[in-house]
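Each reported figure results from applying straightforward, stated rules to the coordinates on display, with no laboratory input. Bear in mind the structure is a predicted one, so any value in this text is a computation, not a measurement. Using ideal geometry, Cβ is built from the backbone for each residue, glycine included, and neighbour counts are taken over all protein chains shown.
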Amino acid sequence: MEIKIIENKKDVVEIEFDDKTLPAVLVKELSKGGVDAYVYEKHPLFPGYRLHIAGEDPIKKLKKAINTIEGDWEEIKKELLKGLKGG
């Protein structure tokens, strides 16, 4: 997975990913917290998905979303592994 910081300002962060999965999950989590975030393709002929986050301290909000997703993934992993042991 390639991740590239496109813009990192006080009130705007934009990150480019080579896959849409992670930015889509991040947008969903950020939106739950009322953060202005969206994903877009920079151009149909050039692959890449950009996550745009705007607002007060977007880096802090992004870190919080990442930590929440990481915690959710740990729960999913634990349940899956427990289920696989029994199967």
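Summary table
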{"quantity": "Sparsely packed GluC sites (Glu not before Pro) within the stretch 5-87, loop by DSSP, other Cβ within 10 Å at most 14", "calculated": "GLU56"}
{"quantity": "12 Å beta-carbon shell around ILE66, net charge (K/R +1, D/E -1)", "calculated": "+1"}
{"quantity": "Helix-only mean residue ellipticity at 222 nm for the chain, each DSSP H run of n ≥ 4 adding -39500 (n - 2.57), per residue, nearest 500", "calculated": "-16500 deg cm²/dmol"}
{"quantity": "Inverse of mean 1/r across different Cα pairs in the chain, Kirkwood, Å", "calculated": "14.1"}
